[in-house]
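The values are calculated or read from the model by the stated rules, or taken from the named source; none is laboratory data. Note that the structure is predicted; figures quoted are calculated from it, not measured. Counting neighbours? That spans all protein chains shown, and the Cβs are built from the backbone with ideal geometry, glycine included. Side chains included, ligands, DNA and RNA excluded: accessible areas come from the protein's heavy atoms. Shrake-Rupley method; radii C 1.70, N 1.55, O 1.52, S 1.80 Å.
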Amino acid sequence: MSQHTDKELDVSNSSRGIWLVKVPKYIASKWEKAPSSIEVGKLKINRNANQKVQVSLNLSESMLCMDNDNQEAIPRNHKLDVTPVNRQTLGVFSQGPSGQRLEDSMLEPDKLILEGKIAQRLECHPYADSNYMKLKMESFKKAREPVRLLKTLDKVVVAYKPVSNHKHLKEYEEKKKAEGKRSRDDKNAVLDMLFKAFDKHQYYNIKDLVTITKQPVGYLKEILKEVCNHNMKNPHKNMWELKPEYRHYNKEEEKAAEPGAGPSTSS
């Protein structure tokens, strides 16, 4: 967050009246691009018999010709509707050397200045001539143009090519094929292989049991659920061991079957 610093405000121009003028976008766009060396227009201020102020703006020829190749012709003559500002207090502030002597601006380049108070609001309107009507017609056409359009392609776009088979799907298919090649052995034969394996070690994970028995995972799990318990807690989480009624270890052998104690032996 930026830090705020206390600065003095120059209010020497607080009594000066300033006009707040609203101009059409096409004029604002031209003025932004106009170099400082050219005249952009002339402002005329007249008073009628009733002492009512009449203000008009005439754009210069150089202003109208500038960048005319890329834009439609814009109206030259405009009138400005004047409205006094009585119920609001609006001011214009600047930051910099405006209104300062050169030596003062060098000392205080970021000085805050009140340039004056808004005394009049003016809205600039073009006269409804042929140029203005043509300009409005073009703006209506642009406003009706859809943001997105359908376009027929005459050739294949190769910016993105869909993958026919992803890596994880290939691995899954290969795994399914490998399991499908394994034929189911007789249940008793599988049980014999399991009991022989558990004679050597008390705990196995399912991957090792599949390697030992060479049986499909689903079929092997069905048999394991009948004769084994699946541990869900540490230190043998996700490991299989025989149910108590199928074990024939003594206490010393069970202790020796703990992790790091080496394989257990049958009694």
> When region 131-153 is examined, which residues are found to be polar (S, T, N, Q) and open to solvent by less than 100 Å² (accessible area, probe 1.4 Å)?
Replying inline: N131, S139
>> Step by step: first the residues of region 195-224, then only those that are farther than 19 Å from R247 by Cα and basic (K, R), then the one that is farthest from the chain's Cα centre (by Cα). Which residue is that?
In response: K214
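To keep it simple, each residue is scored yes or no on (1) at pLDDT 80 or above; (2) charged (D, E, K, R); (3) in a loop (DSSP other than H, G, I, E, B).
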| position | (1), (2), (3) |
| --- | --- |
| G99 | no, no, yes |
| I113 | yes, no, no |
| I118 | yes, no, no |
| E123 | yes, yes, no |
> Mind checking which pairs have a first residue in region 26-37 that is assigned to a helix (DSSP H, G or I) and a second that is among the β-branched types (V, I, T) and at pLDDT below 85, Cβ under 8 Å, 6 or more apart or different chains?
Replying inline: Y26/I74; I27/I74; K30/I74
>> Checking the condition open to solvent by less than 90 Å² (accessible area, probe 1.4 Å) and under 26 Å from I113 (Cα atoms), which residue from S12, S36, S62 passes?
In response: S12
> Can you pull out the residues in region 225-252 that are open to solvent by 70 Å² or more (accessible area, probe 1.4 Å) and within 53 Å of the chain's Cα centre (by Cα)?
Replying inline: K225, H230, M232, K233, N234, P235, K237, N238
